[in-house]
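The block underneath contains the structure these notes are about, expressed in structure tokens.
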Amino acid sequence: MRKINSFAEAESFAGEGIEAILHASLVSPEAAGIASAGDKPEKEASITAYVREGRETSAHYVLDCRSVDGQSYLLCVHVGNGPSVQHFNEDDWLSFQEACEDEKIALHGKPVLAYTFKGLVRVL
């Protein structure tokens, strides 16, 4: 597990593939039931959302993935020191959803996994 400090570092980490991300992480059972080594990102984007009523920014490198069994999910790699998706409230999720949609990444109905320096967990 490692802390990601920039979008360039997150893009490089994601470029190693889902298998490498899983290998580098403590993976919760819920996340392990969704992501697997053969999964492929279909879209990737650097997302910055205004959270905490606009007082803070939250940065994630978001991978819109397709699992080997055809399920779609998002893997959000936390960047920097702002709040991670795993600590979002309802308003933060709305802001994040809008930022994702601006990059043509749909959040609705998909499981969301969060990668932080602590590991990989399912948050939605």
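The values are calculated or read from the model by the stated rules, or taken from the named source; none is laboratory data. On a predicted model such as this, the values are computed, not experimentally measured, just so you know. So basically every Cβ, Gly included, is an ideal-geometry build from the backbone, and we count neighbours across all protein chains shown. Calculation scope for accessible area: heavy atoms of the full protein, side chains included, ligands and nucleic acids excluded. Shrake-Rupley method; radii C 1.70, N 1.55, O 1.52, S 1.80 Å.
Details
- The 1.4 Å probe gives accessible areas that order Glu11, Glu90, largest first, as Glu90, Glu11.
- Taking the Cα centre of the range 1-47 as reference, the dipole from Cβ charges on Lys and Arg (+1) and Asp and Glu (-1) amounts to some 120 debye.
- Taken per residue, the accessible surface of the chain reaches 51 Å², heavy atoms only and a 1.4 Å probe.
- Here the scattering of the range 58-114 is modelled by Debye summation over its C-alpha atoms, one equal scatterer each and no solvent; at q = 0.18, 0.26 Å⁻¹ the log10 of I(q)/I(0) is -0.58, -1.16.
- Accessible-area composition of the chain, carbon plus sulfur, in percent [1.4 Å probe]: 48 percent
- On full extension, the segment bounded by Ser67 and Ala32 gains 11.4 nm, given 0.36 nm per residue less the C-alpha separation.
- Sequence-distant contacts, meaning Cα pairs under 8 Å at least 6 residues apart, place the relative contact order of the range 1-102 at 27 percent.
- Inter-label distance, nm, simple model (7 Å from Cα along the C-beta direction), Leu124/Asp102: 1.6 nm
- Pairs of lysine residues in the chain - Cα separation under 23 Å, sequence separation of 8 or more or cross-chain: 9
- Shape metrics for the chain, restricted to C-alpha atoms - Rg then Dmax, Å: 13.1, 40
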